[in-house]
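Written out below as structure tokens is the structure these notes cover.
The values are calculated or read from the model by the stated rules, or taken from the named source; none is laboratory data. Note that this is a predicted model, so its numbers are computed, not measured. As a convention, Cβ positions derive from the backbone with ideal geometry for all residues, glycine included, and neighbour counts pool all protein chains shown. Just so you know, the surface numbers come from the protein's heavy atoms only, side chains and all, with ligands and any DNA or RNA stripped out. Shrake-Rupley method; radii C 1.70, N 1.55, O 1.52, S 1.80 Å.
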Amino acid sequence: MAKSWAPDSWRSFPIKQQPAWPDEADLDRALKQIRGYPPLVFAGEARSLQTGLAQVAAGNAFLLQAGDCAESFEDFSANSIREKLRVILQMAIVLTYSLGVPVVKVGRIAGQFAKPRSSDYERIGEEDLPSFRGHIVNDIAPTHAARVPTADRLVQAYNQSASTLNLLRAFTKGGFAALDRVHAWTQEFVASSPVGQQYEKVADEIDRALRFMRATGMDTESNHTLREVDVWTSHEALILGYEEALTRQDSTTGGWYDCSAHMLWVGERTRELDGAHVEFLRGVGNPVGCKVGPSMTVEHVIAMCEALNPARIPGRLTLITRMGVEHIDRALPPLLAAVRDSGHPIVWACDPMHGNTYTSPGGRKTRSFDAILGEVEGFVRAHRAEGTWPGGIHVELTGDDVTECVGGGDEISDTDLDNRYETMCDPRLNGRQSLDLAFRTAELIRLGRD
Ligand code: PEP
Ligand code: CO
């Protein structure tokens, strides 16, 4: 018999990665406030995303999940949201054009604030300070005071998510994402690069196709599919009090949905089968994801599929593999084979970022474009060998011209990292590197299919 579930049933399970909130009363007050606020997304939207993901699971669509490692309360402006959206739209166009299948676009945005940490403390200079856990919890400044978890931040995260989502909806439904604007999504620093020029060629082709459609009498101006896109939201469901406060019962189906985002995932550090995070996610109706690292066994993956998707609903579960380029050839194929043989409908996405982080000689946390691409290559190779669909990529990026990941078309080197290293957490691909990755990923997948 199915175990009972409630939005707060996670509270009786062992839990990891939660902040040591200094004042329970403050925390309760903040959560109560959020419980009274409107949901950020609507259950019907989560179901639409799930329908799109079901197409990915069936091999008829591709998933692009992308955005910040950690959103910031400070770097928060229309500009930064728009620039991120531009890169996502550009990548999606490249993938759609080249693969010939719909691309389901999911941002790590409008709620991606909480970070799991490998250690509770970090050594800065001579001091051990509580780790930075994302702006929804504490501040990054290297002082004890800044690192104290502050419950008001939960409310601020809600508010920032609401206004980010508002702008995202305006951009994606209000004309900014219309297909006849493909050229306008290119930023100057991208346009001047070889990959920018490659993109311009695709954009020219799309323009030509649109002109052709108009010439045949089609009204491209009023056609919604050409003028609007869906960009869904997602984040790691880490701070469960916050997620619980936004979990609401859907009036049309009676099911529970975590209305903080369309899609939620459980991270590599909190994916215990008998832990609170899996308990929470198994009960919400949203599409959910689970990170899968190199230590995950076949048994664990199958048990995860049973726990998170016992009814085997296509599109419900995305397994996001993050093996690292050194491990992928060994670690991924057995999992693909076992899940395939179990009959579980799965979206397989490749996160080529989190298994490939290292510290540069200059002390910066970085990733190399070659390792990232190498992991995508290994991912596609493994799927080809097992006869499964390499359903998507999950990447950390920004629209800005940052220097956080080394390599790529413009050959960012270790010494360049200091030029514009702005991330609060993990290193992100810049606009050019992101577009480059989209082209190369599309090419790898196409080669596998032709
Ligand atoms: C992340 O996606 O930012 C993250 C922390 O990933 P993982 O759980 O795979 O380490
Ligand atoms: Co990250």
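With a requirement of 2 or more residues that are touching a Leu at 6+ places or on another chain (Cβ under 9 Å), the strands (runs of 3 or more DSSP E) lying completely within the stretch 28-130 that satisfy it span 62-67, 103-108, 121-124. All but one of (1) open to solvent by 10 Å² or more (accessible area, probe 1.4 Å); (2) in contact with a strand residue (DSSP E or B) (Cβ under 8 Å, 6 or more places away or on another chain) hold for L335, so report the exception by its number. (1) is the only condition that L335 fails.
Checking each residue in the stretch 242-282 for being out of contact with any strand residue (DSSP E or B) (no Cβ under 9 Å at 6 or more places or on another chain) and either of a type in the set (S, T, N, Q) or more than 22 Å from D351 (Cβ to Cβ) (or both) picks out Y242, A245, S251, T252, T253, G254, D274, A276, E279. Report whether or not D400 is within 13 Å of ligand 1 (Cβ to nearest atom) and either touching a strand residue (DSSP E or B) at 6+ places or on another chain (Cβ under 9 Å) or modelled with pLDDT under 95 (or both). No, not satisfied.
When the strands (runs of 3 or more DSSP E) confined to the stretch 200-289 are screened for residues that are within 16 Å of ligand 1 (Cβ to nearest atom) and without any contact (Cβ under 8 Å) to a residue 40 or more places away in the chain, those reaching at least 1 such residues are found at 263-266. When restricted to residues that are under 16 Å from V292 (Cα atoms) and not aliphatic (A, V, I, L, M), the stretch 364-406 contains 8. Scoring A442 on the criteria (1) out of contact with any Leu (no Cβ under 6 Å at 6 or more places or on another chain); (2) surrounded by fewer than 24 Cβ atoms within 10 Å (Cβ to Cβ); (3) in a helix (DSSP H, G or I) leaves a single failure, condition (1). Among the numbered conditions (1) closer than 28 Å to R208 by Cβ; (2) surrounded by fewer than 17 Cβ atoms within 10 Å (Cβ to Cβ), the only one that A66 does not meet is (2). Check T164, T143 and return the single one that is closer than 19 Å to T423 by Cα, away from ligand 2 (no atom under 16 Å from the Cβ) and surrounded by fewer than 14 Cβ atoms within 10 Å (Cβ to Cβ). Of the residues listed, the single one that is closer than 19 Å to T423 by Cα, away from ligand 2 (no atom under 16 Å from the Cβ) and surrounded by fewer than 14 Cβ atoms within 10 Å (Cβ to Cβ) is T143. Looking across the stretch 247-286, the residues that are touching a Lys or Arg at 6+ places or on another chain (Cβ under 8 Å) and open to solvent by less than 30 Å² (accessible area, probe 1.4 Å) come down to Y257, C259, W265, V266, G267, T270, R271, G275, A276, H277, V278, G285.
Here's the yes/no breakdown for (1) within 16 Å of ligand 1 (Cβ to nearest atom); (2) over 22 Å from L317 (Cβ atoms); (3) without any contact (Cβ under 8 Å) to a residue 12 or more places away in the chain:
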site	(1), (2), (3)
E45	no, no, no
L53	no, no, no
Q65	yes, no, no
D68	yes, yes, no
E71	yes, yes, no
D75	no, yes, no
L85	no, yes, no
I93	no, yes, no
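Test G399 against the stated conditions and say whether it is over 29 Å from L335 (Cα atoms) and either touching an Asp or Glu at 6+ places or on another chain (Cβ under 6 Å) or crowded, with 24+ Cβ neighbours inside 10 Å (or both). Criteria met by G399.
Does any residue of the stretch 227-243 turn out to be modelled with pLDDT under 95 and either farther than 25 Å from A66 by Cβ or touching a Leu at 6+ places or on another chain (Cβ under 8 Å) (or both)? Yes, some residue in the stretch 227-243 is modelled with pLDDT under 95 and either farther than 25 Å from A66 by Cβ or touching a Leu at 6+ places or on another chain (Cβ under 8 Å) (or both).
The set of residues in the stretch 164-186 that are without any contact (Cβ under 8 Å) to a residue 12 or more places away in the chain and among the hydrophobic types (A, V, I, L, M, F, W, C) comprises A170, A184. Scanning the stretch 12-55 for residues that are within 30 Å of A311 (Cβ to Cβ), surrounded by fewer than 16 Cβ atoms within 10 Å (Cβ to Cβ) and of a type in the set (K, R) yields K16, R35.
Of the residues that make up the stretch 362-372, is at least one without any contact (Cβ under 8 Å) to a residue 24 or more places away in the chain, more than 14 Å from ligand 2 (Cβ to nearest atom) and either in a loop (DSSP other than H, G, I, E, B) or not β-branched (V, I, T) (or both)?
Among the residues of the stretch 362-372, at least one is without any contact (Cβ under 8 Å) to a residue 24 or more places away in the chain, more than 14 Å from ligand 2 (Cβ to nearest atom) and either in a loop (DSSP other than H, G, I, E, B) or not β-branched (V, I, T) (or both), which makes the answer yes.
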